[in-house]
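Colleague: Before I ask anything, here is the structure I am working with.
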Ligand code: TYD
């Protein structure tokens, strides 16, 4: 089963992904669970992540950025996600193709049909079974992110965009959810970490298409 986590920067999805993976490992055994992230998740994809995120690359063209995200994605799909799904594992991916639709499609305002086509090509058409969206308004997300940076978390090139850019991304996610309501589950990300995690587990449990005895 392929599960993705999406949301704005600062929505807390990486923390939630880690906690959910711990919970699922305890339930099903460590061998059944793969936790990965985008951009990254495989050696080649992590190298591409370095190029995308470097603050030195502030002159990167939107099309270059878009293609690099999809290049990193093609590798993680081939090397990590497809092999794990073929072995009937549960794959949790912190961001996936929807991030490209939201950030490069709506945020950067690249041609949406082209963004969809190339992204589908990069994934070979592999779509998540389920996508959790961590809902948090833009101001709260930016405030959390700034707190994170004050604590020494990495500041990357995607963290220094304008408010207008984040507003377009936020709206893009809304349109993506509306287009495919059956795939998306919205989680209120404004609450304490434990409440969000409890909600996430409660939403996921009835949807897990796995054999508990395996
Ligand atoms: P990361 O440090 O992983 O942040 P987060 O915890 O918010 O996921 O940085 C990922 C950044 O890359 C984030 O700002 C979203 C952006 N991104 C895109 O713009 N397009 C994409 O396709 C992906 C996967 C991420």
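Just so it is clear, none of the values below were taken in a lab; they were calculated from the coordinates. The model shown is predicted, which means the values in this text are computed figures rather than measured ones. Counting neighbours? That spans all protein chains shown, and the Cβs are built from the backbone with ideal geometry, glycine included.
Colleague: Rounded to whole Å and sorted largest first, what semi-axes of the equivalent ellipsoid does the C-alpha gyration tensor of region 72-214 yield via the square root of 5 times each eigenvalue?
Modeller: They are 26, 22, 16 Å, listed largest first.
Colleague: To the nearest 10 degrees, how steeply does helix 13-28 sit against the main Cα axis of the chain, on a 0 to 90 scale?
Modeller: On a 0 to 90 degree scale, this one is about 20.
Colleague: Residue 154 versus residue 43, label points 7 Å from Cα toward the beta carbon: distance in nm?
Modeller: Rounded to a tenth, the inter-label distance reads 1.8 nm.
Colleague: Related question: Provide, as a two-decimal number, the C-alpha radius of gyration of region 92-155 over 2.2 N^0.38 Å, N being how many residues it has.
Modeller: On the way: Rg = 14.6 Å, N = 64, 2.2 N^0.38 = 10.7 Å.
Relative to the 2.2 N^0.38 Å estimate, region 92-155 comes out at 1.37.
Colleague: Helix 62-76 versus the longest principal axis of the chain: what angle, 0 to 90°, nearest 10, using Cα atoms?
Modeller: 20
Colleague: Rounded to a whole number, what is D in µm²/s for region 150-214 from Stokes-Einstein with the Kirkwood radius over alpha-carbon pairs (20 °C, 1.002 mPa s)? Don't skip to the answer; put the middle values down first.
Modeller: Working: Rh = 15.3 Å.
Estimated diffusion coefficient is 140 µm²/s.
Colleague: Restricting things to alpha carbons, tell me how big region 1-134 is in terms of Rg and Dmax, in Å.
Modeller: In Å, with Rg to one decimal and Dmax whole: 14.7, 46.
Colleague: While we're looking at this one, here's another question. Which whole-number percentage describes the relative contact order of the chain, with Cα contacts under 8 Å and a sequence gap of 6 or more? All intermediate terms of the calculation are to be shown ahead of the outcome.
Modeller: On the way: 296 pairs, mean separation 70.9, N = 214.
Computed over the chain, the figure is 33 percent.
Colleague: Compute a Gaussian network model of the chain, connecting alpha carbons closer than 10 Å, and tell me which residue from 162, 123, 36 fluctuates the most.
Modeller: 162
Colleague: Sticking with the crude label model, points 7 Å out along Cα→Cβ, report the distance from residue 26 to residue 1 in nm, one decimal please.
Modeller: For residue 26 paired with residue 1, the spin-label model returns 1.8 nm.
Colleague: While we're on this one: Enter the angle in degrees (range 0 to 90, nearest 10) between the Cα long axis of helix 138-150 and the first principal axis of the Cα atoms of the chain, meaning the one along which they spread out most.
Modeller: Helix 138-150 and the main axis of the chain meet at about 90 degrees.
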